[in-house]
Amino acid sequence: MEIKSDFLIIGSGMAGLTFALKAADYGDVAIITKKDIAESNTNCAQGGIAAVTSEEDSYEFHVRDTLEAGGGLCKEEAVRILVEGGPARIRELMDWGVKFSIKENQELDLGKEGGHSKRRIIHAGDITGQEVEKVLLQRVRARGNIAIYEHHIAIDLITRAKLDRCTPLGDPEDVCLGAYALDRYSGIVKTFLADITLLATGGSGKVYLYTSNPDIATGDGVAMAYRVGARIANMEFIQFHPTCLYHPAAKSFLISEALRGEGAVLRLQDSTPFMERYHPMGCLAPRDVVSQAIDNEMKKRGDDFVYLDITALGEERIKERFPNIYETCLSYGYNLAKEPIPVVPAAHYLCGGIVTDSYGRTNIKRLYASGETACTGVHGANRLASNSLLEALVFSHRAFLRAIEERKEPSWELPRLLEWNIGNAVDSDENVVVTHNWDEIRRTMWNYVGIVRSNKRLNRAKTRIDLLQKEIKEYYWNFIITSDLIELRNIATVAALIIRSAIVREESRGLHYNLDYPQRDDQHWRKNAVIYLDKLYFEAVC
Ligand code: SIN
C-alpha cells in the first residue's frame, strides 16, 4: 500500500506538529506516530520553555548560560539562533492559543531552573508539554490536509541509495523519498512517499533501565537515519535528570527541576544538604553536576536514593505551582508539603543525535530532523534545562522555511514502485527472545554506560551489545517484523552508537564522566565525535 504526500513527518511532539501546521499551508502532510498522537516526549515535559522575555534578562545572559552548561562543545552560532529565535516562537504559541502561567500583573510567571542565571522559564503550571501539545493537536486536527497515521511505526527510510545501485550510501546526491511504516494493528507495511521527510521522533531514554521518558523513546530517528548514512554526533552525552521519584510503581516519575528553582533542597538520608560541597550554585547547578553528585553520594553511602525537600515553600504555593506533581506524589503516598520525597537520577535526554545544519537539514537531501533526535549543536556536552522545547520550536520553524524552498528544486525520479518485501520471513514463535534482549540492553547500559563510566565498563558493554546486535540482525531477517522487534533493533543501534562514542572520548566533560580520565582536556578533546557509516571521526567545535 502506497501513500503519497508533500511532507512526511515522523513523530508527533512539538517539533513535528509545529512543522506540520506550517507546512500544511504549502501542501498535503502525513504524520506517522507510533502510538496515540498525543503520546510524545513533549507531552511529558513539566518544566517549560526557556526564552528571554523579561527586562532583567538578555540574549547575552541566555547564550552565556547555555554555553556554560554545554561544557565547551556548543556551537555558538546555533546557540545564538536558538536564543534570539525564542521570543517570536513563544508569541506564536500564545497566538495559537497556548495558555502559559501568568502573574497577577498579567506578566508571564517565569520559573528558574538549574544553570540559569535569570528567571526565564515560561511554563503552564507543571504540565507545560501537555498544554502546548493539546493546542497544537487541536489545530492539526482542524486542518483538512493533515492526515494522521496513529499506531504506525516507521521501519526504515527510503532513499535513492537504497534503490539505485549507482548511488552509494552517504553519497552527496543521496535523497530521501519517504519511509516504510508498519501499521501496528493490521500488520501491513505501508510505503509513505513524500517530497520532504522530517524526523521528529524524540529521544531514546528507553535504552536505559531507568528513564523519565515515555515508552515511545526508543531512538527510532537516530537509528533509521544512521542506517541510511546520515551523520550522527555526540552520542556519549546522555543527560540523567537528577530527580525522579524513587518508588517501585512510579516508573521514574519526573520531579521537575522547577522545584529546586523554587527552593527545594537535596538532602542525604540523614537530612544533611550536600550540593554546596559540589558547586557554588548548589542545588541549582547544571544537571551534569547535580546527577554526578547524587550518584557519588549514593554510591559512597550505599543508599538507594537521596531526598528532595520542598516543604519550606508551604502547602498553598506548592499546590498552586506544582498541582500535577503534588497529586501524583500523593497517589504514591508522599505528601510534598509535609515531608521530603525520595529521588534518584534517571536517563532523560539525548544531547547528541542526527547532525543538522541551522535549518534542520541532514547530509541527505530532503531529509530533515528536529527536536531531541537532532544534533543542532546547541546542547554541546550538557543541555541547559528547558532549552529542549525551545530548540524544537526554533529549529522546526527554520526547517520548514528551508523545506518549502527545497521542494521547488528538481529531485531524483523514482524508478519503480516500492513495496515492502518480506522475503522468506515467517511468524516467530519465540517472542521471549525479543523481551529478553530488550531487558539485557537496558540493564547493560544502566550498569556500564550510566552516569559514571570507566574503560572496563564501556568495553564490557561493547562486547555484550555487539553480540546482541548480531542476534537481533538474524532474528530481524528471519521473522515477520513486529513493533517490538523494530524498537529492539533501534535501541540496540543507539546503544552501540553511545558506547562507540563514549569509548573514544578519553576525558571527562559534561555528561560523559570516565573514572579512567577524570579531567576535562580541552587541548585534545574539545571536539565533537561524529559517526558516519562505519567511520568515527572528530570535528572541531565552531
Ligand atoms: C524538568 O522539568 O526538570 C525537565 C525540564 C527539562 O528537561 O528541560
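The values are calculated or read from the model by the stated rules, or taken from the named source; none is laboratory data. Computed from a predicted structure; not experimentally measured. So basically every Cβ, Gly included, is an ideal-geometry build from the backbone, and we count neighbours across all protein chains shown. Only protein heavy atoms, including side chains, enter the accessible area calculation; ligands, DNA and RNA are left aside. Shrake-Rupley method; radii C 1.70, N 1.55, O 1.52, S 1.80 Å.
Contact map, the stretch 208-220: residues that are charged (D, E, K, R) paired with residues that are more than 16 Å from the ligand (Cβ to nearest atom), Cβ distance under 7 Å, separation 6+ or inter-chain. Pairs shown: ASP215/LYS206; ASP220/ALA154; ASP220/THR201; ASP220/ASN490. Selection of the stretch 337-373 for residues being away from the ligand (no atom under 16 Å from the Cβ), of a type in the set (A, V, I, L, M, F, W, C) and crowded, with 24+ Cβ neighbours inside 10 Å yields ILE354, VAL355, ILE364, LEU367, ALA369. All of (1) in contact with a Lys or Arg (Cβ under 8 Å, 6 or more places away or on another chain); (2) of a type in the set (Val, Ile, Thr); (3) under 28 Å from PRO172 (Cβ atoms); (4) not in a strand (DSSP E or B) hold for VAL530 with one exception: (4). Only one entry of VAL378, VAL432 meets the criterion of being of a type in the set (Val, Ile, Thr) and away from the ligand (no atom under 16 Å from the Cβ), and that entry is VAL432.
Among the residues of the stretch 263-281, those identified as within 16 Å of the ligand (Cβ to nearest atom) and surrounded by fewer than 18 Cβ atoms within 10 Å (Cβ to Cβ) are GLY263, MET281.
PRO410 meets each of the listed conditions (1) without any contact (Cβ under 8 Å) to a residue 12 or more places away in the chain; (2) part of a helix (DSSP H, G or I) apart from (2).
Can you spot a residue in the stretch 99-106 that is open to solvent by less than 70 Å² (accessible area, probe 1.4 Å), outside any loop (DSSP other than H, G, I, E, B) and away from the ligand (no atom under 16 Å from the Cβ)? No; the residues of the stretch 99-106 include none that is open to solvent by less than 70 Å² (accessible area, probe 1.4 Å), outside any loop (DSSP other than H, G, I, E, B) and away from the ligand (no atom under 16 Å from the Cβ).
Residues in the stretch 487-527 that are hydroxyl-bearing (Ser, Thr, Tyr) and not in a strand (DSSP E or B) were compared, and the one that is nearest to the chain's Cα centre (by Cα) is THR493. The sole residue among ARG464, ARG457 that is open to solvent by less than 80 Å² (accessible area, probe 1.4 Å) and at pLDDT 95 or above is ARG457.
From the list ILE404, ILE422, the lone residue that is assigned to a helix (DSSP H, G or I), in contact (Cβ under 8 Å) with a residue 60 or more places away in the chain and either under 30 Å from VAL306 (Cβ atoms) or among the hydrophobic types (A, V, I, L, M, F, W, C) (or both) is ILE404. Could you list, in sequence order, all residues of the stretch 25-41 that are in contact with a strand residue (DSSP E or B) (Cβ under 8 Å, 6 or more places away or on another chain), within 24 Å of SER388 (Cβ to Cβ) and hydrophobic (A, V, I, L, M, F, W, C)? Result: VAL29, ILE31, ILE32, ILE37. Considered as a group, the residues in the stretch 39-59 that are surrounded by fewer than 17 Cβ atoms within 10 Å (Cβ to Cβ) and of a type outside the set (Ser, Thr, Tyr) include one that is farthest from GLY115 (Cα to Cα), and that residue is GLU55. Tell me the residue from ILE422, ILE364, ILE354 that is under 29 Å from ARG160 (Cα atoms), of a type in the set (A, V, I, L, M) and touching a helix residue (DSSP H, G or I) at 6+ places or on another chain (Cβ under 6 Å), please. Result of the check over ILE422, ILE364, ILE354: ILE354. Is one or more of the residues making up the stretch 478-486 aliphatic (A, V, I, L, M), over 30 Å from LYS190 (Cα atoms) and not in a helix (DSSP H, G or I)? Within the stretch 478-486 (the criterion being aliphatic (A, V, I, L, M), over 30 Å from LYS190 (Cα atoms) and not in a helix (DSSP H, G or I)), the answer is no, since none of the residues qualifies. Picking from residues in the stretch 227-261 that are assigned to a loop (DSSP other than H, G, I, E, B) and within 15 Å of the ligand (Cβ to nearest atom), the one that is modelled with the highest pLDDT is PHE237. Note on the stretch 160-172: residues that are in a loop (DSSP other than H, G, I, E, B) and out of contact with any helix residue (DSSP H, G or I) (no Cβ under 7 Å at 6 or more places or on another chain) total 5. Among the conditions (1) of a type in the set (A, V, I, L, M, F, W, C); (2) within 16 Å of the ligand (Cβ to nearest atom); (3) farther than 21 Å from ASN387 by Cβ, the only one that ALA20 does not satisfy is (2). Going through (1) outside any loop (DSSP other than H, G, I, E, B); (2) away from the ligand (no atom under 16 Å from the Cβ) one by one, GLU55 falls short only on (1).
Kindly indicate whether any position in the stretch 248-258 is open to solvent by 50 Å² or more (accessible area, probe 1.4 Å) and under 24 Å from ALA502 (Cα atoms).
The initial filter retains those residues of the stretch 248-258 that are open to solvent by 50 Å² or more (accessible area, probe 1.4 Å), namely 248-249, 251.
Going one step further and asking which of them are under 24 Å from ALA502 (Cα atoms), we end up with none.
For the stretch 248-258, residues open to solvent by 50 Å² or more (accessible area, probe 1.4 Å) and under 24 Å from ALA502 (Cα atoms): absent.
Among all residues of the stretch 382-397, there is none that is assigned to a loop (DSSP other than H, G, I, E, B) and away from the ligand (no atom under 15 Å from the Cβ).
Considering the conditions (1) open to solvent by less than 10 Å² (accessible area, probe 1.4 Å); (2) out of contact with any helix residue (DSSP H, G or I) (no Cβ under 9 Å at 6 or more places or on another chain), TYR185 is excluded by exactly one of them, (1). The residues in the stretch 19-38 that are open to solvent by 10 Å² or more (accessible area, probe 1.4 Å) and among the aromatic types (Phe, Trp, Tyr) can be counted, and the count is 1. If you go through the stretch 262-294 and keep only what is within 28 Å of the chain's Cα centre (by Cα) and either in a loop (DSSP other than H, G, I, E, B) or more than 23 Å from GLY380 (Cα to Cα) (or both), you end up with GLU262, GLY263, ALA264, VAL265, LEU266, MET275, TYR278, HIS279, MET281, ALA285, PRO286. Cβ separations smaller than 7 Å between residues 6+ apart or across chains give the following pairs from the stretch 287-305 residues that are surrounded by fewer than 15 Cβ atoms within 10 Å (Cβ to Cβ) to residues that are of a type in the set (Ser, Thr, Tyr): ASP304/TYR246.
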